[in-house]
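Worksheet: one structure, shown below.
The values are calculated or read from the model by the stated rules, or taken from the named source; none is laboratory data. Quick caveat, the model's predicted, so the values are computed rather than measured. Positions of Cβ are generated from backbone atoms using ideal geometry, with glycine treated the same way; all protein chains shown enter the neighbour counts. Only protein heavy atoms, including side chains, enter the accessible area calculation; ligands, DNA and RNA are left aside. Shrake-Rupley method; radii C 1.70, N 1.55, O 1.52, S 1.80 Å.
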Amino acid sequence: LDVRDTAAAAAFVASLPRVDVLVNNAGGTFFKPFLDVSANAEAALVAENFGHVTALIRTVVPVMPDGGAIVNVTSIEAGQAAPCFAVYGAMKAALGHLTGTLALELAPRGIRVNAIAPDAIPTAGDDDLQSAMLASGITYDPAVMPPLGRFGAPEEAAAVVLFLASDLASF
């Protein structure tokens, strides 16, 4: 389901007897200098990368049993500034902060809350993003290649999420 549709998300969660694991892997961005980002575009980035995540957490935690797990997917931009991604990076940093706070708040119920912050993992929308970055003339190496010299694969991020959601990460 599309988590931007909060009514559909709430209806889906209500149809479940319980939710043991929640993985928040929603997000998106565009490449634009901060001063060129309109108020509407900023609101959309805030909602997509933070607001819809918090709404889903509020919906799921009441039906999550003690010992459940939440894994939030942030981004390398949560802790590493990147030109033309100011709002996106700020929201991913906010998600990282939320993760730490919720880990403390939900710990008495044994609910683990973790985040991963992968570097570049190509998705369908990334071709346009990378083209815009390269065409801008901004010389910023991560626009070309992450420090490991290759892009990550979705399976690599998924393996970390699987570990954090499993009993292998019970502490």
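At-a-glance table
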read-out: Residue count for segment 44-87, restricted to those that are closer than 18 Å to Ile116 by Cα, open to solvent by 30 Å² or more (accessible area, probe 1.4 Å) and of a type in the set (Val, Ile, Thr); value: 1
read-out: Any chance Ala41 is out of contact with any Leu (no Cβ under 6 Å at 6 or more places or on another chain), part of a helix (DSSP H, G or I), farther than 25 Å from Thr101 by Cα and open to solvent by 60 Å² or more (accessible area, probe 1.4 Å); value: no
read-out: Every pair of residues 6+ apart whose Cβ atoms lie under 6 Å, when the first sits in segment 141-162 and is modelled with pLDDT under 80 while the second is surrounded by 15 or more Cβ atoms within 10 Å (Cβ to Cβ); value: Ala143/Met133; Pro146/Asp119; Pro146/Ala120
read-out: Qualifying residue in segment 64-76 (condition: β-branched (Val, Ile, Thr), in a helix (DSSP H, G or I) and closer than 28 Å to Ala153 by Cα); value: yes
read-out: Condition broken by Gly28, with the remaining ones in (1) part of a helix (DSSP H, G or I); (2) small (Gly, Ala, Ser); (3) open to solvent by less than 40 Å² (accessible area, probe 1.4 Å) satisfied; value: (1)
read-out: Single unsatisfied condition, Ser15 versus (1) small (Gly, Ala, Ser); (2) closer than 30 Å to Asp167 by Cβ; (3) touching a residue at least 60 places away in the same chain (Cβ under 8 Å); value: (3)
read-out: Where Asn114 falls short, out of the listed (1) in a helix (DSSP H, G or I); (2) of a type in the set (S, T, N, Q); (3) modelled with pLDDT of 95 or more; value: (1)
read-out: Counted residues, segment 96-111 - those being on the phi < 0 side of the Ramachandran plot, surrounded by 12 or more Cβ atoms within 10 Å (Cβ to Cβ), of a type outside the set (D, E, K, R) and out of contact with any helix residue (DSSP H, G or I) (no Cβ under 6 Å at 6 or more places or on another chain); value: 8
